[in-house]
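S.K.: Got a structure here, written out as structure tokens. Questions coming.
The values are calculated or read from the model by the stated rules, or taken from the named source; none is laboratory data. Here the structure is a predicted model, which is why all the values come from computation and not from measurement. Positions of Cβ are generated from backbone atoms using ideal geometry, with glycine treated the same way; all protein chains shown enter the neighbour counts.
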Ligand code: HEM
């Protein structure tokens, strides 16, 4: 108990759909961290962790579960699974991506996917540079633009389309599917949005199925080829599992990387000294990416489920109770990051404590290297292409998607006549 009579913020007060939270998430999170860093929220049945050390320990614990179907039925996290009826004849691994699976399915699918995807990302530098160059070329000579719509959205979509192997002629269609599939991330979506997302998911699965058949006949230099070759070499993956998890790369990767790019540009433009340091030394782009991930991580939280009763810092956790690591709160924990609300590139030096923007442990983000590569490339090329870039000075509206944070629009002026 705390002596402060104000009610503690609960899980529902920490969603971007709440205007007070959206206006300043840090204020509410700092309040929770100060008054009750391990909070058993009676309304949702979730335990909330606001400290870096507790979040890190939770993420790294290999004995915890992730599959929401295993959460206590009364909890809100479990209720999300009831949004759409499922066909029990279809195995879970063909219905949901690795993000919602536990061992042994999680490891069986993640291992070959991660091996192939990381090898591709490792070689993707020239590809990402070409994508960023072409998007920036389209903006050349413009006096003003919306950086979200015209740069931060197209870069991740075009990069992943090319990594997967989507034909240039199908990329606009691919972009439309990708934008609709992202609606599945919103547990508060309307029935009409749900139907749109489902139709787009089916269309993308069908397209990936065609691509897989084409690559079996004629291999190409892309991730779809890597996956059908891994399967042919004995990786125990069904076609449907490949389609579901390649789709997950879009769902997990596009919007989040958009948010990282837009939030990073906004922070840099709002901190001219740090931007001047980056301009003088473009190698600091990596530090700018890490500091953006720490201060304005695109993902607010991630979750694990306790298989049996346990305690976290003295707070009891019941068997099957969902425990949320509040990543945004952990990344501003003053115990770990001095002056946590200051944007400082110099804090990302060897040996410094890492942020938890990409989660951790068995489920740690599979796309972290790609997101970092895309954001770094944008930071290096954007400020070189537009030396006088400035914020237009309009208020920045933030998207209302629960669990995520990023500008909906970011108006910039270039100084071009
Ligand atoms: C800045 C951008 C990104 C952020 C902040 C982010 C954040 C996260 C977080 C917090 C998780 C959950 C980790 C956990 O529970 O411990 C996750 C998982 C995942 N992310 Fe990302 N992500 C980003 C970009 C990407 C990209 C570019 C891709 C793919 C192209 C991607 C694909 C995935 C997948 C497939 C998972 C599930 C991994 C698993 O459960 O084993 N993400 N991401």
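S.K.: Restricting the first residue to segment 98-110 and requiring it to be at pLDDT 95 or above, which pairs with a second residue that is more than 10 Å from the ligand (Cβ to nearest atom) and not in a helix (DSSP H, G or I) meet a Cβ separation below 7 Å and a spacing of at least six or different chains?
M.R.: 101/67; 102/65; 102/67; 108/236; 109/237
S.K.: Quick check on segment 131-138. Is at least one of its residues surrounded by 13 or more Cβ atoms within 10 Å (Cβ to Cβ), within 14 Å of the ligand (Cβ to nearest atom) and under 28 Å from residue 414 (Cα atoms)?
M.R.: Yes, there is a match, as at least one residue in segment 131-138 is surrounded by 13 or more Cβ atoms within 10 Å (Cβ to Cβ), within 14 Å of the ligand (Cβ to nearest atom) and under 28 Å from residue 414 (Cα atoms).
S.K.: Only one of these is surrounded by 12 or more Cβ atoms within 10 Å (Cβ to Cβ) and modelled with pLDDT of 90 or more: 63, 54. Name it.
M.R.: 54 is the lone residue from the list that is surrounded by 12 or more Cβ atoms within 10 Å (Cβ to Cβ) and modelled with pLDDT of 90 or more.
S.K.: In segment 1-32, how many residues are modelled with pLDDT of 95 or more, more than 24 Å from residue 73 (Cα to Cα), in contact with a strand residue (DSSP E or B) (Cβ under 8 Å, 6 or more places away or on another chain) and surrounded by 18 or more Cβ atoms within 10 Å (Cβ to Cβ)?
M.R.: Total satisfying the criteria: 2.
S.K.: Kindly state which helices (runs of 4 or more DSSP H) lie completely within segment 52-117 and contain at least 2 residues that are away from the ligand (no atom under 12 Å from the Cβ) and closer than 18 Å to residue 302 by Cα.
M.R.: Result: 52-60, 76-79.
S.K.: In segment 257-271, what residues are touching a strand residue (DSSP E or B) at 6+ places or on another chain (Cβ under 6 Å) and away from the ligand (no atom under 16 Å from the Cβ)?
M.R.: 269
S.K.: Taking the stated definitions as given, is residue 274 more than 17 Å from the chain's Cα centre (by Cα), more than 8 Å from the ligand (Cβ to nearest atom) and at pLDDT 95 or above?
M.R.: Yes: the conditions hold for residue 274.
S.K.: May I pose another question? Do any residues in segment 157-177 that are over 24 Å from residue 118 (Cβ atoms) have Cβ atoms under 6 Å from those of residues that are within 15 Å of the ligand (Cβ to nearest atom), where the two are at least six apart or on different chains, and which pairs are they?
M.R.: Cβ pairs passing all conditions: 175/157; 177/204.
S.K.: Taking residue 216 as the residue in question, decide whether it is surrounded by fewer than 18 Cβ atoms within 10 Å (Cβ to Cβ), farther than 24 Å from residue 377 by Cβ, in contact (Cβ under 8 Å) with a residue 12 or more places away in the chain and under 20 Å from the mean Cα position of the chain (by Cα).
M.R.: Considered against the rule, which asks whether it is surrounded by fewer than 18 Cβ atoms within 10 Å (Cβ to Cβ), farther than 24 Å from residue 377 by Cβ, in contact (Cβ under 8 Å) with a residue 12 or more places away in the chain and under 20 Å from the mean Cα position of the chain (by Cα), residue 216 comes out as no.
S.K.: Starting from residues that are more than 15 Å from the ligand (Cβ to nearest atom), in contact (Cβ under 8 Å) with a residue 12 or more places away in the chain and under 24 Å from residue 186 (Cβ atoms), keep the ones in segment 354-411 and report whichever is surrounded by the fewest Cβ atoms within 10 Å (Cβ to Cβ).
M.R.: That would be 397.
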